[in-house]
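Shown next, in structure tokens, is the structure this report addresses.
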Amino acid sequence: LNEIQEALEITAGPNDARLNGYINRATDLIEAYCKRRFISTTYTNEVYSGDGSNFLVLRNHPVTTLTSVSMRTGDFASPGWQAIDSGLYTLKTEGGNDRGIIYLIGGGIMVDSLNPLYAGFARGIDNFRITYTAGYTNQAALPNDLREACIEIVSWLFNRRKATPGMKSETLGRYSYTIEPIAKGGIIKTLGLDAILDLYRTPTV
């Protein structure tokens, strides 16, 4: 809130509640676009599909704690879940923004059924469950470009609150006004923030 007030060159006061609402709205827009949460959250039994490779890429990051990995032993109607020994896998953070990747370092129960000589996360649909904690522990830990993106969205919403929705400019003599087009991708693309947020977007698999 303090950063928003500084950017808008206003002081604390009657606009605080409105600005907090805009901050929450901007957060929702950013997380929906990036398909992930940013504040530290524990994900319990999040399901993943094995593809025969020796790694699984977690949806949320940066990963701070990997608690458990389990494999489905039954079918969808009556599934059973077998915990995988932590000695068979390891967690690495690599790539853009510390992507959390679980790598196999052993075979055993995860040998690909289509290639018995190859150790990999067995092919299947939602056949692995993972419990882990990921995200930034506090707002101060968020990357600066993410914080700036949020500030830009909030500033845009705040400055439009009293204007005619969509108005870009107006002329008083023989009154007229120009509508500001909203990009197909919404506010984020209208403000050109997709170039920043694409760096944090979870790929669609």
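Compute from the Cα atoms of the range 1-70 the Rg and the Dmax, the latter being the longest Cα-Cα distance, and quote both in angstrom.
In order Rg, Dmax, the Cα atoms of the range 1-70 give 18.3, 57 Å.
Can you list the HN-Hα couplings for the range 81-86, worked out from phi with the Karplus curve (6.51, -1.76, 1.60; θ = phi - 60°), rounded to whole Hz and with x for Gly and Pro?
My calculation for the range 81-86 gives 10, 10, 5, 9, 4, 5 Hz in order.
I'd like to compare 145-158, 29-42, 76-89: which one has the highest average count of other Cβ atoms within 10 Å, and what's the full order after that?
145-158, 29-42, 76-89
Can you give me the C-alpha center-to-center distance between the range 12-39 and the range 42-56, rounded to a whole angstrom?
Comparing the Cα centres of the range 12-39 and the range 42-56, I get a distance of 30 Å.
Computed from the coordinates by the stated procedures, all read-outs in this text should not be read as laboratory data. Everything numeric here is computed off the predicted structure, so don't read it as measured data. Don't worry about glycine lacking a Cβ; one is built from the backbone with ideal geometry, like all the others, and counts go over all protein chains shown.
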